[in-house]
Each structure stands twice: as structure tokens, then as C-alpha cells.
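See below for the structure under consideration.
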Amino acid sequence: MGLQPPDPRETSGEPLPLASCCMPGAAPDPADRAAALAAAASDAVEELADGERRLTLVIENLECAACLPKIEAALRDLPGLIEGRVNLTTRRLRLVWQAEATELTDLLLPVLALGYRLAPFEVGKLEAQDAEERRFLLRCLAVSGFAAGNVMLLSVSVWSGLFGDDMGQATRDLLHWISALIALPAVAYAGRPFFRSAMSAVSAGRMNMDVPISLGVILASAMSLFETMRGAHEVYFDAAVTLCFFLLIGRILDRMMRGRARSAAENLLALKVESALVVRADGRRERQPISALQPGMRVAVAAGECLPVDGRVIIGRSSLDVSAITGESLPERVEPGAEVHAGTMNLDGSLEIEVTAAGERTLLAEVLRLVESAEQGRARYVRLADRAARIYAPFVHLLALAAFVLALAVGWSWQIGLMNAVAVLIVTCPCALGLATPAVQVAAVGRLLRAGVLVKSGDALERLAQCDHVVLDKTGTVTLGRPVLLNAAEVPASALRLAASLAAYSRHPLAQALVRAVGPVPLPDAEVREVPGAGLICQTPAGELRLGSAAHVSAEDDVAGADSLLWLRTANGRLTCFRFQDEVRPDAAEAVRALRDAGLTVELLSGDRAPVVAAVARQLGITDWHAGVDPAGKSARLAALAAEGRKVAMVGDGLNDAPALAAANASLSPAAASQASQVAADFLFQSERLGPVATSLTLSRRARRLVLQNFAIAIGYNLLAVPLAMAGEITPLLAALFMSVSSLVVTANALRAGRGGEPAATQPAAASREALAA
């Protein structure tokens, strides 16, 4: 059997007719669709290290938070799958797998079998699809509104009781049939957004929130038709079509609110450029896709264009808007030799750039991956909402049945009981509960990104909000990490060059200061290793060289003054001391005060000398400080604080801070930190200021309050509305209104996490982004 290509409408954003996407057996077999999609997406598969592959797909009919656990559960135990994560806001599915262990078709099949429509991801495709969906919803709303108005006019005469005799009975029946002719086609058309989603779910053997909604609308319409056929006095065509009208208003408003809460990841996607103007060696220029670019190639970028690659400026001078990547609000001036990154906007000059990284290897791609990971992470509150959503469908149907039985038990008619059941089906929609946490998470992550802070995991905000104690590292954390060598003229030139040659093997700020002061000095035939928190050891034919702390080189630390020291011991045992001075971050004292005002205790923990740490602690107003602490000592200190019941936030940047960052309840690190620290940290801030630490803490606490408020709103709404619906005090119309309002209130409350003026952390700075790009 040959492969059948997917319906073009499946990848166009156009809503599919009910028969083609929802009816069982109407669509191609899932295995055939999986094979066709795998072939279509083959060009979008990215080759990673160690035989891994990655692919991003769009889930076109992803409707609600309850869909996420279903999709991820279907993928969870597949052999060879490393990661299968869904982002609700961008409707994207990201797959990472081992190419040798499984085929892409086998990964796609479980999702397609659930009834979801997948398509290769394209920049701008989701926005076009959303626009088409909004137009479709507006057409449905117009039809239902027109029908509701006309049916209401016909119902006025019936409600007024004008038809009491036989002729009146015939006229009333005629009006009922006219209402049916208007309402039933309108419901069939306007209910398509709910019906097609429900049928797709049911045909795949699963449930979603549109199943009870569709059941309620269909039951109201069917009962009205039955009552009309038997000439009953009361029918509910006005209720059925108006119910559709209110539900569509709620769906449209929900789409609008989600658009306002559009994820930071989706906003970053808009910065990705799909092609670049390549400059050939002979001067010719031709546009090529980003996938064709290789390091060493040159691209031209005109004023007003986004940079397509990471690279180094070769020709030209300009100003770049880097706010989307770093949170810095003022333009950054660049000239030949400057490092630039994809996603930044070229403001006022033409540039020619030598490519160092393109596509998924750029800084923009790395930031995007971190933001997506944070937005779609499964925090504790998200997992609670997911479990609640899983039991929603059977529970709500049991409630609806109980409402019907209760009405019959108290002597009401079956019609009243059925309408009560419909009201229960509508009013218990779990949208508000499903949105309670993800909406806050998306808004908070986006707000922090605008402040120059990257959140690496979904539960990081939740863990940071619990912290009551902050541990600050000194060098590179409360200081800028760019110390200056003070005594270069006082030490032998040979010792200075030898120390610089060793220092090139370390990312420690003092070592890097030596390299900056002297320049790169080659060290031939050397075997160098770094002892975290101590220094470097080099084995040479002449003997062992050491560069590091006094203890590391076996020196007596009796040097006076509050300068940071680095010692060199040569193979013959000669010692040389290098003095450094590092500047405290400009807002460090203010940030420490902000942390104290928020109710946290603060301590300074450093491996530096006691006089240096004491001087910095006095400058920041910190009374609790510890000096000469090695990596094991830092981890032991955090363990002791945890044993006391403290929830510790660790802020550090060095290789020696990585164990403590990993052990803390939550951790933050500057973007210029060592790669080990970046991996261990939950937050990366890209400014020269320490303000992002206080900003992150404040926003994480606000996010937790908003999540709890949203849970209270969602649970309180159901506790109030469900009993009233079962008792017949809420009609299906009011149920539709209340359901929509609850979702809007939760989303509007979540948006508060993204509001507020820009913090001090976003003031102009020239923070290093070299480590984050690594």
C-alpha cells in the first residue's frame, strides 16, 4: 500500500471539516500518517551529538492543559526516546531520541493515534493558524448570534402565553418548527469548534473538555426537537443556540487572553531568521537558508534587519538592540572585532559578519531552549492540576447523571432533569483549573526574560519562592569578576609570563585577569589540571608548577591588605605573589537590602582571604560571612543550613560553586559563570548588576501567590456552581457564562505576574555572554 499524503488542510491552519478529521475511519490510518509525516519532516530533523536527533512539531488541535499529560504519557515509555515535551502556549511537541534505538515513525504513531494532528514546525505558521482559527470562531459566533436573535424574537410570543386555544396551539407549533429550522442548522455550524474536537477525542478513545460541552449542546437541541415533534408547550431552541453563542464568546475571549499571555518562547521565535545574505569570496551576494551556513562564511546584514547568526563583525559599525536576548534596554555599539548574536536587531549601519554559529547552535537557540524548558516544566502545582484534569471527564459525567436522577427523585419532569444535567456538563469545564499554573508560569518566565534572567526549569520559580536564606559567593557574584592585577611592575617578568601561561587553563576570574594583563603565553608539553577552589597543577619535564591559593602552593598567607592574592610556585620552589582588586557590582548593597526587606537572611561565603571577604561584607552590610571556604565546605554549609530547616538560595559563578549550586533549594548564576555553574544553576542573569537576584525572588513569590489564588478561584467556582447546577438554580446559559468567566478571571489574574516596570537589572550594562553561548 502506497503512502497517502496528509490532507493539505492538516498543515495549512484551515479548520478541517468534521468528516475529514473527526469521524472514525474517515482519516488515513495512523501508521500511514506517521510514515508520511516522518518523510515530510525529515529535513527539519536536527543531528545532535552522540547519535541523538531532535525534531519540533506543531500540534494543531491542542486545545487545553488536559491534553498535555495524555500526549506525554503516550510517549513516556517509548524505547530510545530521551525527551518528549509539549508546550501548551506554542502548541509545540519537542522530540529528542537516539537514532539507533528507534525510528521517528514509531515516535509519531502514539500521538497520531490519540487523534492529534501534527505538522512540521515553521516560524510564523502557528500565528497564521491562530489567525485563521480566530476568523473561524468569529464566523461561528456571527451565525449563532444571528440565529439566537431570531429565535428569541419567535419565542417572545410563546413566552407571553398568547396561544391558549386550538388555533393558538397550531400557531405555537408552527413557531416551534420555524425556530427548529433556524436553530438546528445554526447549532450544527456554530458548534463545530466543540464537535470536531470532541469527535476527534472520542474516536481516538480519549476524553477532553469539549466532550461534555458538545454533549450538553446536543442534548439541549435534541430534547427541543423531541418536544416540538410531540407538540409540547415548552422547547429550548433559544437556550440551545444562545448556549452556543455564549460558549463561543468564552472561547474567543480565552484565545484573546492567551494571546496576551503569549509565551516568551514564542516571542523569541519571531526573532529567528530563516535565511541570510551570504557574501562570497568574489564579492557576489546570494541569499541562502540558515541550514546551509557554516562557520567561517560571511553574511551581510542591513540596517533594520535581525542578525541571522552568531559571529564576529568584520566590516562596519552599528548599534544593536540586544534587549530581547539580554534584557539590556539601551543599544549596544559594535565595531570590527565585536562578538554579536543572532536575534539582535541591527539599528543604524550595514555590517558584514563572519559566522561562528548558526541555527540551533546560536545563543538565541540556547536561550529559546531554556525558556521553553521553564515554561513547559512540570512544577508540583502543574502536576496537581494534571491529575485533577485526568479524573475530570468521568467525574463530571457521573455528576451530570446524578443531577438527572436527583431531579426525577424529587418529582421533577425528565425535561427539567435533563436541563440540569446539561448545566452540570457545561459548568464543570476544567479550563480554569488547567490554566491556573501554566498561565502564571508563562507570564513569569516572560517577565524575567525581559529583565535579563533566564529560568532553566519549570519548578525553579516554585522552589525559589520557598527560600528564606540567601548564600552569596564573592568573586564574580557580588563582585564583577573582572579583577585588575595591581603589582605587575613589582614581580619578575619571567614569573608573570609563566603564571599567565598556566592561568590560560582556568576560567577563574583571577586567572583570567592574569591572562588579560600579560596576554596569551603558550605552554608547550604541559599537562595541566585544575583543583576546584584551590588552583592549577602543571607537570613539566623540569618539575611541578602550581598556581592558586596560598594553601595550594604551601605558602604562608601573612600578606597584609584587603587584596585578593594568587600565588605561583615554580619547579624549584620559588614563590611569587600576585595582588588583585575586584570591583563590587554597582547595585550589590541595594540588592542585599532588598533581600533583607523581603524577609530573607543573607550571608557571604567565599574561598578568598578573610581580610578581603570582611571588606566586601562591610561594604554590603552583611554581618554573617565566612572566608577560606573550599567547595566541600560550601556544600557542608548548605547541608547544615538545610538541617536547621532553612530553604537556601545559592548565588555563585565559579567551578568551585557548582556543588553548592546543585545542593541548594534554588540557585542563581551570572551568565558569565563557568559552564559547570550554568549547568547546576536554576536561573542565569545576564546583567552586571545583582538586582536580578532580588527581582527573581520577588517575582517567584508573586507567582506562587497568583497560582494559589488561581487554584482558589477554580476550586471555589466549582464548589459554588456545581451544587447550584444540580439543584436547577443555574440554567445552561448561565453555566456557559460562568464557565467562560472563570477561565478569563484565572488568565487575567495570571497576567499580573508579567506586569510592572522594568527593574534596575535592565539598566545598560556590558555583561559577558561568552559562557552562555558556549
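Taking amide hydrogens as placed 1.01 Å from N in the peptide plane, the amide H of residue 344 sits under 5 Å from those of 307, each at least 5 positions away in sequence or on another chain.
Taking Cβ atoms as reference points and 13 Å as the exclusive limit, the residues near residue 576 contribute a net charge of +4, counting Lys and Arg as +1 and Asp and Glu as -1. Using a simple spin-label model with points 7 Å from Cα along the Cα→Cβ vector, what separation in nm is obtained for residue 572 and residue 596? The two pseudo-label positions are separated by 5.2 nm. 3J(HN,Hα) couplings calculated from phi for the range 296-307 with the Karplus curve 6.51 cos²θ - 1.76 cosθ + 1.60 (θ = phi - 60°) are, in sequence order, x, 6, 10, 10, 9, 10, 7, 4, x, 9, 7, 5 Hz; Gly and Pro show x.
Residue ranges 222-234, 43-55, 188-200, 509-521 sort as 188-200, 509-521, 222-234, 43-55 when ordered by packing (mean number of other C-beta atoms within 10 Å per residue, highest first). For the range 496-534 and the range 688-756, what is the separation of their C-alpha centers, rounded to whole Å? Measuring centre to centre over Cα atoms gives 54 Å. Shown for the range 550-632: the carbon plus sulfur share of the solvent-accessible area, taken with all protein chains present and a 1.4 angstrom probe, equals 46%. Once you divide the Cα radius of gyration of the range 610-655 by 2.2 N^0.38 Å, the number left is 1.25.
Remark: spin-label model distance residue 516-residue 46 equals 3.2 nm, labels positioned 7 Å along the Cα→Cβ axis.
With a ≥ b ≥ c the root eigenvalues of the C-alpha gyration tensor of the range 490-557, is it rounded (a/c under 1.5), prolate (a/b larger than b/c) or oblate? Since a/c stays below 1.5, the shape of the range 490-557 is classed as rounded. When a 1.4 Å probe is rolled over the protein heavy atoms, the share of accessible surface on the range 476-528 that falls to carbon and sulfur comes to 55 percent. Extending 7 Å from the Cα toward the beta-carbon at both residue 646 and residue 287 defines two label points whose distance is 5.8 nm. Taken about its Cα centre, the range 606-748 carries a charge dipole of roughly 240 debye when the Cβ of each Lys and Arg holds +1 and the Cβ of each Asp and Glu holds -1.
Per-peptide packing, taken as the mean over residues of other Cβ atoms within 10 Å, places 98-109, 465-476 in the sequence 465-476, 98-109 from highest down. Our note on the geometry: Cα centres of the range 36-112 and the range 570-596, 47 Å apart. Among the trypsin sites (Lys or Arg not before Pro) within the range 529-612, those in coil by DSSP and having at most 10 neighbouring Cβ atoms inside 10 Å are 574. In a fully extended conformation the segment linking residue 405 and residue 232 would gain 60.1 nm over its present Cα-Cα distance, using 0.36 nm per residue. Think of a 1.4 Å ball rolled over the protein heavy atoms: the range 588-704 then has 34 Å² of accessible area per residue.
Where the alpha-carbon atoms of the range 404-519 are placed on the principal axes, they occupy 103, 27, 21 Å, in descending order. For the pair residue 335 and residue 741, a Förster radius of 56 Å applied to the C-beta separation gives a FRET efficiency near 0.50, rounded to the nearest 0.05.
For the range 581-659, the Kirkwood radius over C-alpha pairs fed into Stokes-Einstein at 25 °C and 0.890 mPa s yields D = 183 µm² per second. Whole-Hz Karplus values for the range 702-708 come out as 5, 4, 5, 4, 5, 4, 5 Hz, taken residue by residue from phi with 6.51 cos²θ - 1.76 cosθ + 1.60 and θ = phi - 60°; glycine and proline positions read x. Taking all protein chains together, 634, 647 sort by accessible area into 647, 634, largest first [probe 1.4 Å].
The values are calculated or read from the model by the stated rules, or taken from the named source; none is laboratory data. Everything numeric in this text was worked out from a predicted model, so none of it was measured. Glycine also receives a Cβ, built like all others from the backbone with ideal geometry; neighbour counts cover every protein chain displayed. Surface accessibility is based on the protein's heavy atoms, side chains included, excluding ligands, DNA and RNA. Shrake-Rupley method; radii C 1.70, N 1.55, O 1.52, S 1.80 Å.
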